[in-house]
Amino acid sequence: MPRKGENIYKRRDGRWEGRYKIGTAKYRSIYGKTYQEVKEKLLVFKAAPVPTNSSGKLTVNELFEEWLSAVKLKVKESTYANYRMKADKHILPEFGDIRYENLTVQMLHNFIEKKLEIGLSAKYVSDIVIVFKSMAKYISRVHGFRNPIADVILPKVTKKEMKLFSDIQQKKLCEYILKNPYNTSIGVLLSLYTGLRIGEICGLKWNDIDFEKSILTVRRTVQRIRTGVHGTRLIVDTPKSRSSQRSIPIPAFIIDMLRKFRKCDDFYILSGSDKIIEPRTMQRKFKSILKKAELPSINYHSLRHMFATNCIQLGFDVKTLSEILGHASVETTLNRYVHSSMERKVQCMNLLKIAA
């Protein structure tokens, strides 16, 4: 058990956190799975020399490595892999050998302009710069260094309209699946009527469905993460956030279909075995279904957007829909996942009448 004055305590997420002083009024946190692990780490860090309030000759590469080592203890493996990839592929080749104190806002703005010119989207370039800004904030907070890129302006991101099917096209898709039911096609139908993400449907097992109560529980997600600039690795992890770990009631007609295909509880639904069908394979299978159904190609994630839009049109309250989708806030649900078709706009406008 921790002793008084050790600055070690157990967090709500189950991990242990220890804090140690690096200056007159600054502290740094480290994390571990057990009290003993954190205690041993603290002894090492407390014995290290105290950094001065100057970035000195430290390079961007050296400070990025420190930040990545620290953040790895706090975030999911997929998030860390995303940070690592953006650093290795974009940031460090450009700035790695530059002394941190020599960084300027203009350097970052030139970097942004160059990335946009080679065809990267404004959203992707913004994500890269946000990673850089996060590192700079950490270094400023922990070491007291000035933040040379605090005033960098992110490129303007234009929201891309999600391509969705009309009611007639959705009906056509459902009719094709009902006529050609197999594990993958049923997975598509399940996403259209529950809003499951592609990684969640890939990770769904038969024992995640309570057939008596007609409830589906999201316990895991499947995704391929980068292990370097070129390498990748498939992982099965917990859902992206606490709100994403959720239980969803399943429509009766979907449950009836699932019963016909039910197999060993520990088998994955999409494969009907203990083999995982990964997201990019599911995306290809989905495109094949659309082609056979004589429908235009759309992204698998569009199913989630169509589900949300359909639910709002049917009268779902936003709070209920937000929880079914696994969102932390209703704002996310309304701003990103609810779309209004021209048909719906016409219906709404026709509700207006001349006052009597």
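We did not get these values from a lab; they are worked out from the coordinates using the rules stated. In this text, all values refer to a predicted model and were calculated from it rather than measured experimentally. All Cβ positions, even for glycine, are placed from backbone atoms using ideal geometry, and neighbour counts span all protein chains on display.
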Q: Just the number, please: percent antiparallel of the DSSP beta bridges in the range 182-306, rounded to the nearest 5.
A: 100 percent
Q) What relative contact order, as a whole-number percentage, does the chain give when Cα pairs under 8 Å and 6 or more residues apart are counted? A) 13 percent
Q: Using only Cα atoms, find the angle between the long axis of helix 279-292 and the longest principal axis of the chain, and express it within 0 to 90 degrees, rounded to the nearest 10.
A: 30 degrees
Q | Label-point separation in nm, K163 to K133, each point 7 Å along Cα→Cβ | A | 3.1 nm
Q) With θ set to phi - 60° and the Karplus curve 6.51 cos²θ - 1.76 cosθ + 1.60, what are the ³J(HN,Hα) couplings of the range 88-102 in order, to the nearest whole Hz, using x for Gly and Pro? A) 5, 8, 10, 6, 5, x, 8, 10, x, 8, 7, 5, 4, 5, 8
(Q) What distance in nm lies between label points placed 7 Å from Cα along the C-beta direction at L92 and T238? (A) 2.9 nm
Q) What FRET efficiency, computed as 1/(1 + (r/R0)^6) with R0 = 41 Å and r the Cβ-Cβ distance, is obtained for D317 and K260, rounded to the nearest 0.05? A) 0.80
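Quote to one decimal, in nm, the extra length available between E101 and L334 on full extension: 0.36 nm per residue of separation minus the C-alpha distance between them. The partial results should precede the final answer.
On the way: separation 233, 0.36 × 233 = 83.88 nm, distance 4.24 nm.
Gain in length upon complete extension: 79.6 nm.
Pairs K137/K319; K263/K285; K240/K260: which exceed 23 Å Cα-Cα? Present the calculation step by step, with values, prior to reporting the outcome.
On the way: K137/K319 34 Å; K263/K285 21 Å; K240/K260 30 Å.
Distance filter (> 23 Å) returns K137/K319; K240/K260.
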Q: Can you tell me the order of 194-203, 73-82 when each peptide is scored by its average per-residue count of other Cβ atoms within 10 angstrom, highest first?
A: 194-203, 73-82
Q.
Taking the Cα of R19, stepping 7 Å toward and past its beta carbon, and measuring to each backbone N in the range 98-138: which are under 20 Å?
A. 137-138
Q. Among L351, S126, H305, whose Cα sits farthest toward the positive end of the charge dipole of the chain (+1 at Cβ of Lys/Arg, -1 at Cβ of Asp/Glu, about the Cα centre)?
A. S126
Q. In nm, what is the difference between 0.36 nm times the number of residues separating Q36 and H109 and their Cα-Cα distance?
A. 21.8 nm
Q: Report, in degrees rounded to the nearest 10, the 0 to 90 angle that the Cα long axis of helix 302-314 makes with the longest principal axis of the chain.
A: 60 degrees
